[in-house]
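Report on one structure; see the data block that follows.
The values are calculated or read from the model by the stated rules, or taken from the named source; none is laboratory data. These numbers come from a predicted model, not from an experiment. All Cβ positions, even for glycine, are placed from backbone atoms using ideal geometry, and neighbour counts span all protein chains on display.
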Amino acid sequence: MKPLSLLLGLLLAMPVSAQTISGTVTDEDGVALIGASVLVQGTTIGAVTDTDGAFQLDYMGAFPVTLEVSYIGYRTAEISIAAATTTLRIQLAEQISFGPEVVVSASRRPEKLQEAPAAVAVLTDDELSASGGTITPLRALINTPGVELQQQTGQRINLALRGSSGIFSTDVFPMLDYRSLISPGLEFFDSQNSPINNIDLERIEVVLGPGSALYGPDVTTGVVHFISKDPFRHPGTTVEVVGGEKSTLKGAIRHAGVTGDERIGYKFNARYSSGHDFVLQPDNEDDARVLSNFKEAIRRGFVTPEGFVDPQQEGPLLFTTTKEQEEDYWAAMATGTVHFRPNPDTELVGAGGWNAASSIFYNDLGEGFNHSNEYWGQARLTHKGLFAQTYYVINDGGSDENPVYLNRTGLIVPLERTHFEAQAQYSFETPSLLNAEWSTGLDYRTAGANTENHVYGRNEDDDDYRIFGGYVQSKLRFGSKLDAFLAGRVDSYNFTDEKTFSPRAALVFKPNGLHSVRLSYNRAANPIPASDIYFDLPVQTESILNVWNMGGIRPQTFTDPMITWLIPGVDDTPFDQGFPLAAAYAAVNDAVIPQLQAQASADPSLAPFVPALVNLLQSGAPQGFSRSLISTDFNVSELLPVSAETKLISQLTAYEFGYKGLFFDRFAAGFDVYYFRKDAAGGFSQVSPIITMLGLPADLGNGVQETFQPQIEALLLGAGVPAADAAAQAAAVGALLNGAYTQAGESFMATLDAMGLPFHGLVESDQVPDTGFPMLAFGYPTRNPDAVSDDWGFEVHTRYYFSEALSAFANYTWFNRPTGMAGDLNFPQNKVRTGVGYAPAEGLRASASFAWDQAYRSNNSTYPGRIEARSLLDASVGYGLDNGVTVELSGTNLLDNTFRSLPGFPQIGRRVVARVVYDF
């Protein structure tokens, strides 16, 4: 009852009478400003101007009050009024624009950028065509502090923030108009197959730092929110055509309009792009090594009665290809949106569309090719303090005619998936209680999959992924200069009984409207994706073994570990014993005996005993084992057959101190210092140890001598040789045998090397399927559940505005992670960005930027190794005509300093394209 009593008390404390304040906002020439913000100073009460520049708000407090009126590109005005009025005429003076006054992504509600409780960067539509944004808007984020773009190919970019760079999944929460662009089960943002249209983007908001307290699990490094253009503020038609190197071709159109009564706005978007991607080259030695693993026959898998794909059995052949990557790609999208505004306080938005793509892709399992169609629908309601939305997404996961497949197995990996989400949030104020803002909400997310047993295998019938959570956030005002933010969220899951609590606390100090200091604490829940939980599939097939990947829903164990030897004819042996000497002996004996026979026959004292000696060697064998071996992973680090469970949910705790300010109305600067403490989690890594023999030749020689020397001595004694002589002669023969079989053991090892065996055995986990063929297991084990990663980071960002059109920037990012979990050390420690841009509304425009990344070393199991430092120069030049036509020439990596994001990825070089945009 106490929480209910408190809520009733808060509601009763609110005034019940309201007075109207209304008017218009224009520029100095009397032109209406659409979308200007009008806010009662020191409160959350405000309004936004309509298409006529008019606004109306209801105020329940006492007069006099001060209104803060702001608009992008205009100086904020403070208007004092003594009483309610409906005749306000407010004019704003132009000034240099330093970015949007209001953002919506840091707190899931509108707030001033300077007052946000997190580090927020904003890219406007004018900035998107620079630094590669013409091809994909993600490339334009390359100069944003804290952003890590893993450019896997020319088109495919995996998005990461603050030192968390996966290959397939991401800890970032990308959204388009409040709708998640990733499935909650996959944590995968397909940058090529998305409904984003560059010419429809108004801005991109990048929120750095954990956001689980509001957005839910997995939002551990930040939010990237793509916000499209409102048809009320941006009516008209835009056509875009792009063409250039690597057969790049892109066409896009946007049309938006408003009905006569200005209650309904609508827009349509369409885009198509194609070209040749950067791919692995057969004439490159490193690339050829990867391509040699590719299969030419692409098949459906043979699904066993137990529910897994048996790679030893051939399924139906779909088509054949080559041991090369397909360089041709295409992507397309079409969407429609309708906005309905029956009154100034209410808006209902309905949107839907289709997007599709065909291109190469990378993940922890290796290289592949993707072709899929995605369909989605969204409904969103805003009414005063209420925000509610629901959306549904279905991806067909490919078809037999155009499948998704892995190159290293030649098997399709269909992943038809659905994603449903429903959200409701209510925001209200309590002016009499610390002048506070409150938001409370509920989220429900569910993801389903149909992989036809090709991906989730034996988990196919139990692979749903659901999350249900609720949160409360408050913003408490301690005067006009200090705000406190408190938030907390609780989430539950269907795949574990564990519940998670994600809190947030922040202080924002604003000495004036140009400077702010921020101190924050966050804790974020980080469950592993559904794919990492339910995977059960072959990921590589070789002539001597198969590589199998299993998710973390069940631990992989080694109850009675046995070494499965890859040498034909050698039976499994217990892990603690080693390689059977009898097997090596049998392999070399036929070649050694004739040599020994010839040597012994030449010795008169031994010649009479040669037949008996040969009989001994042919009828016997050493019975011991060679224990001179190592148990490692592919990086030759020790790996023992020890059972390890997967920690399905980890926690990240973050502390951050930041500053943002503006000096002399020209120089914007800021910095952020943060500390991350991350619990151990399940990471993709090798589970089955590989066994390599090191001392077999010596062990074989010693074993033969120890076995046969006593028998030879007994043979000599039985023939009447004196004991002393028999012992001496037996020792001599034993030494001869030792040398001969040691040399034979070396030849045996050389033969194994010639067979292409980089190692000699492996230890299967108990859970890999039994197909009668060696299975090397990978998975997502948590090796040390108590391990903690302590990470520090620092970002500094500066920009100098010479004028409204001309500015220069310089940014620096440092991230220190001395040790990491499996697969998470895939990013540079130091990064520098600098550039200059000139972008007037019309006429000549140009930009140039430089990006430098320090060399680093990847610890990913599939793509390990060193990545060299990179230096990239991007530039663009264009001209905007007064008839709405803009022409532009832009290039990325102009100096053609080829680079790879990870070892085994394609080399990325220069790309120059031309762009024409027509607005009418």
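For Ala118, the conditions (1) within 20 Å of Ser502 (Cβ to Cβ); (2) surrounded by fewer than 22 Cβ atoms within 10 Å (Cβ to Cβ) all hold with the exception of (2). Remark: Phe501 falls outside the filter, which requires a residue to be of a type in the set (Phe, Trp, Tyr) and modelled with pLDDT under 95.
Looking at region 26-68 only, could you name the residues that are over 44 Å from the mean Cα position of the chain (by Cα) and among the β-branched types (Val, Ile, Thr)? Across region 26-68, the qualifying residues are Thr26, Val31, Val65, Thr66. Of the residues making up region 779-810, those that are among the hydroxyl-bearing types (Ser, Thr, Tyr) and closer than 22 Å to Ala851 by Cβ are Thr798, Tyr800, Tyr801, Ser807. No other residue among Ser747, Ser803, Ser807, Ser765 is small (Gly, Ala, Ser), more than 21 Å from the chain's Cα centre (by Cα) and assigned to a helix (DSSP H, G or I) apart from Ser747. Scan Ser876, Ser871 and give me the residue that is over 27 Å from the mean Cα position of the chain (by Cα) and either among the polar types (S, T, N, Q) or under 25 Å from Gly793 (Cα atoms) (or both). Going through Ser876, Ser871 in turn, just one is over 27 Å from the mean Cα position of the chain (by Cα) and either among the polar types (S, T, N, Q) or under 25 Å from Gly793 (Cα atoms) (or both): Ser876.
Hey, does region 644-658 have a residue that's within 26 Å of Ala777 (Cα to Cα) and either in contact with a Phe, Trp or Tyr (Cβ under 6 Å, 6 or more places away or on another chain) or surrounded by fewer than 17 Cβ atoms within 10 Å (Cβ to Cβ) (or both)? Even if it seems obvious, please write down each step before you answer.
The first filter runs over region 644-658 and keeps only residues within 26 Å of Ala777 (Cα to Cα), leaving 644-650.
With the extra rule that they be either in contact with a Phe, Trp or Tyr (Cβ under 6 Å, 6 or more places away or on another chain) or surrounded by fewer than 17 Cβ atoms within 10 Å (Cβ to Cβ) (or both), the set shrinks to 645-646.
Checked region 644-658: at least one residue is within 26 Å of Ala777 (Cα to Cα) and either in contact with a Phe, Trp or Tyr (Cβ under 6 Å, 6 or more places away or on another chain) or surrounded by fewer than 17 Cβ atoms within 10 Å (Cβ to Cβ) (or both).
Residues of region 457-477 that are of a type in the set (Gly, Ala, Ser) and part of a strand (DSSP E or B): Gly469, Gly470, Ser474. Give region 881-920 a look and list any residue that's in a strand (DSSP E or B) and within 23 Å of Gln151 (Cβ to Cβ), or say none. Scanning region 881-920 gives Glu888, Leu889, Ser890, Gly891, Thr892, Phe899, Ile908, Arg911, Val912, Val913, Ala914, Arg915. Looking at region 827-880 only, could you name the residues that are modelled with pLDDT of 85 or more, in a loop (DSSP other than H, G, I, E, B) and of a type in the set (A, V, I, L, M)? Selection gives Ala839, Ala855, Ala869.
For region 607-617, check the following and say yes or no: at least one residue is without any contact (Cβ under 8 Å) to a residue 12 or more places away in the chain, on the phi > 0 side of the Ramachandran plot and not charged (D, E, K, R). No. Restricting attention to region 855-903, the residues that are among the charged types (D, E, K, R), surrounded by fewer than 18 Cβ atoms within 10 Å (Cβ to Cβ) and closer than 18 Å to Ala839 by Cα add up to 1. Please enumerate the residues belonging to region 517-566 that are surrounded by fewer than 24 Cβ atoms within 10 Å (Cβ to Cβ), of a type in the set (D, E, K, R) and touching a strand residue (DSSP E or B) at 6+ places or on another chain (Cβ under 8 Å). Answer for region 517-566, where residues must be surrounded by fewer than 24 Cβ atoms within 10 Å (Cβ to Cβ), of a type in the set (D, E, K, R) and touching a strand residue (DSSP E or B) at 6+ places or on another chain (Cβ under 8 Å): Arg523, Asp560.
Scanning region 502-522 for residues that are in contact (Cβ under 8 Å) with a residue 24 or more places away in the chain and either of a type in the set (Asp, Glu) or within 21 Å of Leu652 (Cβ to Cβ) (or both) yields Ser502, Pro503, Arg504, Ala506, Leu507, Arg518, Leu519, Ser520, Tyr521, Asn522. For region 154-181, a tally of residues being at pLDDT below 90 and in contact with a Pro (Cβ under 6 Å, 6 or more places away or on another chain) returns 1.
Residue count for region 432-456, restricted to those that are surrounded by 21 or more Cβ atoms within 10 Å (Cβ to Cβ) and assigned to a loop (DSSP other than H, G, I, E, B): 5. Restricting to region 44-64, count the residues that are of a type in the set (Gly, Ala, Ser), part of a loop (DSSP other than H, G, I, E, B) and either over 15 Å from Arg233 (Cβ atoms) or not assigned by TED's automatic domain parsing to the domain that holds Ser80 (or both). Count: 2.
Filtered by the rule that a residue be surrounded by fewer than 19 Cβ atoms within 10 Å (Cβ to Cβ) and either over 13 Å from Leu737 (Cβ atoms) or without any contact (Cβ under 8 Å) to a residue 12 or more places away in the chain (or both), region 584-606 gives Ala586, Asp590, Ala591, Pro594, Ala598, Ser601, Ala602, Asp603, Pro604, Ser605.
Can you pull out the strands (runs of 3 or more DSSP E) entirely within region 492-591 that have at least 1 residues that are touching a helix residue (DSSP H, G or I) at 6+ places or on another chain (Cβ under 8 Å) and either closer than 26 Å to Tyr215 by Cα or among the acidic types (Asp, Glu) (or both)? Don't jump to the end; show me each part of the working.
Details: elements: 500-512, 515-527, 536-541, 546-550, 562-565.
Strands (runs of 3 or more DSSP E) meeting the threshold: 500-512, 515-527, 536-541.
Out of Thr76, Thr43, one residue alone is modelled with pLDDT under 85, surrounded by 15 or more Cβ atoms within 10 Å (Cβ to Cβ), among the β-branched types (Val, Ile, Thr) and under 24 Å from Leu433 (Cα atoms). It is Thr43. Selection within region 757-784: residues that are surrounded by 22 or more Cβ atoms within 10 Å (Cβ to Cβ) and polar (S, T, N, Q). The member of this set that is modelled with the highest pLDDT is Ser765. Within region 377-395, residues that are of a type in the set (Lys, Arg) sit with their Cβ atoms under 8 Å from residues that are part of a loop (DSSP other than H, G, I, E, B), at 6+ positions apart or across chains, in these pairs: Arg380/Asp177; Arg380/Tyr178; Lys384/Asp345.
Taken over region 702-735, the criterion of being closer than 24 Å to Asp590 by Cβ, touching a residue at least 60 places away in the same chain (Cβ under 8 Å) and crowded, with 18+ Cβ neighbours inside 10 Å is satisfied by Gly703, Val704, Thr707, Phe708, Ile712, Leu715, Val733. In region 891-920, the residues that are on the phi > 0 side of the Ramachandran plot and in the same structural domain as Thr134 (by TED's automatic domain parsing) reach residues that are buried (at least 16 other Cβ atoms within 10 Å of the Cβ) and of a type in the set (Ser, Thr, Tyr) with C-beta atoms within less than 8 angstrom, at least six apart or across chains, in these pairs: Gly904/Thr862; Gly904/Tyr863.
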